[in-house]
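S.K.: Can you keep this structure in mind? I'll have questions shortly.
The values are calculated or read from the model by the stated rules, or taken from the named source; none is laboratory data. All figures in this text were calculated on a predicted structure; none of them were measured in a lab. Here the Cβ positions follow ideal geometry from the backbone for every residue, glycine too, while neighbour counts run over all protein chains shown. To get the accessible areas, we keep the full protein, side chains included, count just its heavy atoms, and leave off ligands, DNA and RNA. Shrake-Rupley method; radii C 1.70, N 1.55, O 1.52, S 1.80 Å.
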Amino acid sequence: MSIKEKLLNIKKALPNQVTLVAVSKTKPLPDLQEAYDAGQRIFGENKIQEMVQKWEELPKDIEWHMIGHVQRNKVKYMAEFVSLIHGVDSLKLLTEINKQAAKHDRIIPCLLQIHIAQEETKFGLDEKELKELLNSDSFKTLKNIEVKGLMGMATFTDNKNQVKEEFGSLKNIFNNTKNILPNISVLSMGMSGDYTMAIEEGSTMVRIGSSIFGNRNYA
Ligand SMILES: *Cc1c(COP(=O)(O)O)cnc(C)c1O
């Protein structure tokens, strides 16, 4: 199947309220252009340098989402154009995003990443750290960021019950967070292997790469 066919099949199967982020990391420009020509306008990348290069080359109505772990010293390269930063996991990073957003006179939408997986290698805050961050005085002074919701990644495992539980726990944290931030609306969870279950558990945004663009070859 072509990229176009795979993309359209996935889109057809998604409920209306679920936003599709086409994860194009490591993929060449013609692959992204094919998805664009099939109507896709939201792309996800996990390396800032690569996202900047693709932003420069491709049509300007694309919304670029940063889904990877962000280093503070690189925020400045994407501050002008990034549409949503999914992986924000500290007040320090949020403060840097706020500073760079102010330089461009804009408000950068962000998601806070929550650690729901058992793997230690995955990033994110636990619920207590999340509350501390949101209730801190410094957070309240940040005028050039907007926290739109939460993001999480389940454990990479065949155990469906475990994945379901992890997504369920993130949905719970999301609901609890509305007590502090009533306007949050985005729950980013679900990738190629687990997005159906993520949607069952309340996801509003799925990040799908290999099921659209094929497997990635890492050098
Ligand atoms: C790569 C990546 C995805 C997409 O993974 P696939 O399994 O290829 O769909 C989703 N989210 C994050 C954070 C990623 O790094």
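S.K.: Is it true that some residue in the stretch 121-137 is within 16 Å of the ligand (Cβ to nearest atom) and either within 19 Å of Trp64 (Cβ to Cβ) or exposed (fewer than 14 other Cβ atoms within 10 Å of the Cβ) (or both)? Before the answer, list the steps.
M.R.: Keep residues of the stretch 121-137 that are within 16 Å of the ligand (Cβ to nearest atom), which gives 121-125.
Next, from what is left, pick out any that are either within 19 Å of Trp64 (Cβ to Cβ) or exposed (fewer than 14 other Cβ atoms within 10 Å of the Cβ) (or both): 121.
The answer is yes; a qualifying residue exists.
S.K.: Just to check your reading of the model, which residue among Gly214, Gly202 is more than 16 Å from the ligand (Cβ to nearest atom) and either among the polar types (S, T, N, Q) or touching a helix residue (DSSP H, G or I) at 6+ places or on another chain (Cβ under 9 Å) (or both)?
M.R.: That would be Gly202, the only listed residue that is more than 16 Å from the ligand (Cβ to nearest atom) and either among the polar types (S, T, N, Q) or touching a helix residue (DSSP H, G or I) at 6+ places or on another chain (Cβ under 9 Å) (or both).
S.K.: Okay, next question. Within the stretch 158-171, can one find any residue that is within 16 Å of the ligand (Cβ to nearest atom), touching a residue at least 40 places away in the same chain (Cβ under 8 Å), open to solvent by less than 80 Å² (accessible area, probe 1.4 Å) and acidic (Asp, Glu)?
M.R.: Within the stretch 158-171, one or more residues are within 16 Å of the ligand (Cβ to nearest atom), touching a residue at least 40 places away in the same chain (Cβ under 8 Å), open to solvent by less than 80 Å² (accessible area, probe 1.4 Å) and acidic (Asp, Glu).
S.K.: Let me ask something else. When you scan the stretch 141-152, how many residues do you find that are open to solvent by 20 Å² or more (accessible area, probe 1.4 Å) and either within 13 Å of the ligand (Cβ to nearest atom) or aromatic (Phe, Trp, Tyr) (or both)?
M.R.: 0
S.K.: Moving on to the next point. Of the numbered conditions (1) surrounded by 14 or more Cβ atoms within 10 Å (Cβ to Cβ); (2) away from the ligand (no atom under 16 Å from the Cβ); (3) more than 21 Å from Ile108 (Cα to Cα); (4) among the polar types (S, T, N, Q), Thr155 satisfies every one except a single condition; which is it?
M.R.: Every listed condition holds for Thr155 apart from (2).
Yes or no, residue by residue, for (1) open to solvent by 40 Å² or more (accessible area, probe 1.4 Å); (2) farther than 19 Å from Ile212 by Cβ; (3) among the β-branched types (Val, Ile, Thr):
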position: Glu50; (1), (2), (3): yes, no, no
position: Gln53; (1), (2), (3): yes, yes, no
position: Val70; (1), (2), (3): no, yes, yes
position: Val75; (1), (2), (3): no, yes, yes
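S.K.: Another one. Just one of the numbered conditions (1) surrounded by 16 or more Cβ atoms within 10 Å (Cβ to Cβ); (2) within 16 Å of the ligand (Cβ to nearest atom); (3) at pLDDT 95 or above is not true of Ile116; which one?
M.R.: (3)
S.K.: Going through the stretch 175-198 one residue at a time, which ones are open to solvent by 30 Å² or more (accessible area, probe 1.4 Å) and more than 14 Å from the ligand (Cβ to nearest atom)?
M.R.: Asn175, Asn176, Lys178, Asn179, Ile180, Leu181, Pro182, Asn183, Ser185
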